[in-house]
1. How many angstrom lie between the Cα centre of region 45-70 and the Cα centre of region 173-240?
2. With each pseudo-label sitting 7 Å past Cα toward Cβ, what's the Ala387-Phe304 distance in nm, one decimal?
3. Can you tell me how much longer the chain between Arg131 and Trp414 gets when fully stretched, taken as 0.36 nm per residue apart minus their C-alpha distance, in nm with one decimal?
4. Once fully extended, how much extra length lies between Arg1 and Thr350, figured as 0.36 nm per residue of separation less the alpha-carbon to alpha-carbon distance?
5. In whole angstrom, note down how far apart the Cα centers of region 335-360 and region 96-112 are.
6. What FRET efficiency comes out for Thr424 versus Thr236 if R0 is 51 angstrom and r is the Cβ-Cβ distance? Round to the nearest 0.05.
7. For region 87-92, just list the computed ³J(HN,Hα) in residue order, Karplus coefficients 6.51, -1.76 and 1.60, θ = phi - 60°, integers in Hz, with x standing in for Gly and Pro.
8. Just rank Ser210, Ser111, Ser86, fewest to most, by other beta-carbon atoms within 10 angstrom.
Amino acid sequence: RPHLTMNADHGLMLEGVPLAVIAAELGSPCWVYGAETIRTRLAALRAALAKAGLGATDFHYAVKANDHLAILAIMAAAGAGADVVSGGELARARHAGIPASHIVYSGVGKSFRDLQLAVGEGIGQVNVESREELAMLSAVAEAAGRRVDLVLRVNPDVDAKTHAKITTGLAENKFGIAWAEVESVYAYAGSLPGLNPVGLAMHIGSQIVSVEPFDTAFARMAEMIGRLRAAGHTVTRLDCGGGIGISYEDGSGIALDDYAGVMAKHLGSLGLKLMMEPGRWLVGPAGLLLSSVIIAKKTGNRAFLVLDAAMNDLVRPAMYDAWHGIVPVAAADFGTPDMPVDVVGPVCETGDTFAKDRLLPALGPDALVAILDAGAYGAVMSSTYNARPLAAAALVDGDRWTTVTPRQQVTELWSRETVPAWLTETAG
Ligand code: LLP
């Protein structure tokens, strides 16, 4: 993690900023994102593709990974488009300055209203997942007097070998058009008014840490494109989806050159406009969750570190048994790991556990820790469970930093709620 350094004077730093400085001003828990880190990662991905002869690949950042306007602005400035899955994400991407023509709309359940919004804005591409959706999109396009570019998201039935809850490319999953039906659905798309089928899309899952599932899926996509072309269809685009995994624990993760290599091998010579929708790989390692110790407690033979962050802030460990690095922030706390502790949050559920038996130096109340690789699927999945206000967020950019989201006020938790008058009217 080149963007994170342990400085003997300033403690843990993200890019050029000591995290203790941010915590002192913003309090904890708080998210911290590194802008330069994100730019560097996007550049690395582009460079790997260029090296494999795929320099023209068009990036659409998967907004769901982290939809903060500041993150979207970084993507916009770097020339990336957006992959959105709702009218809300579309509105965010547009608000951050990403042109509608550079946005693709994915998702297994797009509402009529959201499709109207997308088509009305002049969306660049809709990734359609069913025959039923084609009929709906055609009606929307006709009513708007537009011709919509679309690709069919197909289900290549490939095991991504990732967590079951984030596997999407198996025949049994709800996503995409079944392999055997792709040709007939493509023909159907071409027969409907207002629709312009231009290619295919795939996305087989997330946090994929080996290249084989991509190798298999790309080969299948190439085969399907050949079949469609042989049947006389025009196929000019392939959206390769997202899914490139990162190294939460050292040693895992995928080598970009390997990914680009299999992409080039199967797809490089087909004369396609290639597209990608990475989310996690771009922003995951660039963010962390700063938290402080409320109390260090011992029960029987177990030691617990109770943090002021909880599963409502970062749900990944509770939801997917995800492993996140946890490191002390103060230089004085760097020392050698002392004993295994369970790192937990204060929410009233056993699942509110960030780590079990984690080796950490002895930490006392108020000690700051950073939960690493929390830039993707972190803040976006937060809730206010246990009436815990949403955490603040800061953006670091080299040596400077600023608050990009203030901590939610407790009164905001109920500011949209009303109590019917009859409940509080006094009798008589
Ligand atoms: N494209 C489509 C159609 C997707 O469904 C997804 C993610 C992406 C792109 C971006 O995938 P990525 O490059 O980030 O792997 N909340 C889960 C991850 C859910 C991923 C959903 N789809 C987690 O925290 O692990």
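Bear in mind that the values in this text are calculations on the coordinates, not laboratory data. Just so we're clear, the structure is a prediction, and the values are computed from it rather than from any experiment. Methodologically, a virtual Cβ is constructed for each residue, glycine included, from the backbone with ideal geometry; neighbour enumeration extends over all protein chains shown.
1. Comparing the Cα centres of region 45-70 and region 173-240, I get a distance of 20 Å.
2. With each label point 7 Å from Cα toward Cβ, the separation is 2.1 nm.
3. Full extension from Arg131 to Trp414 adds 97.7 nm.
4. Details: separation 349, 0.36 × 349 = 125.64 nm, distance 3.06 nm.
Taking Arg1 through Thr350 to full extension adds about 122.6 nm, to one decimal.
5. Cα centroid of region 335-360 versus Cα centroid of region 96-112: 39 Å apart.
6. Values: r = 63 Å, r/R0 = 1.23.
My answer for the efficiency is 0.20.
7. Whole-Hz 3J(HN,Hα) from phi for region 87-92: x, x, 5, 4, 4, 4.
8. Working: Ser210 16, Ser111 12, Ser86 20.
Least crowded to most crowded, the residues run Ser111, Ser210, Ser86.
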